[in-house]
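Structure, as structure tokens:
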Amino acid sequence: MPYTTHNIGLPANASRLGRTPFRPAYPNPPDFPFNYCHFLEQATKPGAIAKATNPSRKIAIIGAGAAGLLAARELYRCGFNNIRIYEASDRIGGRLWSIPVRNSSNELTQEHTTFEMGAMRMPFFTEKNPPRDKPLGTNSILAYLVHEFKIKYQPFPDPGGDVADTGIYINDGRGPTGDNPPGLLMWPKGTGKNTKIGADGKEHYYNPPPTSNLRAVYDKWWAFQTAVSYWALETFDTDGWPAQWSSFADYYGERSFGQLVYSPLTARRILPRVSGGVAWE
């Protein structure tokens, strides 16, 4: 299961809201202000989980995807023993569908490819300095499931990232045509030494693509991304965060990626707490 992580902590001078274990830490998405990972961890403690008063009550769950399977597990832990899961397909997993490739001896080995036919990029939103026994953090329900059931995972090969080289195939968006198809541009993977100073004055990962045009697009997105990350870092979980995020989402929700790429960088109120921050006009 490929995944992506973001590992940034709140600055020491941030005026934070009242913290409880059920409030997720940065960089959890602002649309999910409840820590379900902590909720499920607490459910394993004596007396912390509800007890079924009618264990034999019939319960039907529609769909054997991740949500349906987890719902059945939690109901079973509550004491219900008459649970049925109904699934329309011939497999479980829902949108999670991994197909491993077997070798010539029909064996599954770690060296062989696994094709992800469904969801393939799972964010864990790992907080800074996660517990040693929970390297993916305690910020998401997905991290809880991976730790609890020892699910195998691997880093997602982001284009230009430090996991694998990236092949770029360009033909004005039309794909291969004619007798002379365009060549494949190779974008070598980066290393820990690929960094650049961002809007916050700190080093960030920076590994631009191979051509000047692609690099221009990458540079604009990189500047925008680092500025927004720092802005969110400064305001996350503070008194002004809900209003800040709403204004940001409203402003950029109506704009396409193409508009971002073809627009100049200018200082705007949309990133109000970033010193020298940038946004798209």
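The values are calculated or read from the model by the stated rules, or taken from the named source; none is laboratory data. Bear in mind the structure is a predicted one, so any value in this text is a computation, not a measurement. Here the Cβ positions follow ideal geometry from the backbone for every residue, glycine too, while neighbour counts run over all protein chains shown. Please note that ligands, DNA and RNA were not included when accessible areas were found on the heavy atoms of the full protein model with its side chains. Shrake-Rupley method; radii C 1.70, N 1.55, O 1.52, S 1.80 Å.
Here are a few things to note about the model shown:
- Selection count, the range 90-128, where residues are in contact (Cβ under 8 Å) with a residue 12 or more places away in the chain and surrounded by 10 or more Cβ atoms within 10 Å (Cβ to Cβ): 26
- Residues that are among the basic types (K, R) and either open to solvent by less than 20 Å² (accessible area, probe 1.4 Å) or free of Cβ contacts under 8 Å to residues at least 24 places away in the same chain (or both) within the range 129-152 comprise R132, K134, K150, listed in sequence order.
- Cβ-Cβ under 7 Å pairs, at least 6 apart or on other chains, the range 48-60 side under 11 Å from R77 (Cα atoms) and among the β-branched types (V, I, T), far side modelled with pLDDT of 85 or more and surrounded by 11 or more Cβ atoms within 10 Å (Cβ to Cβ): I49/R77; I49/C78
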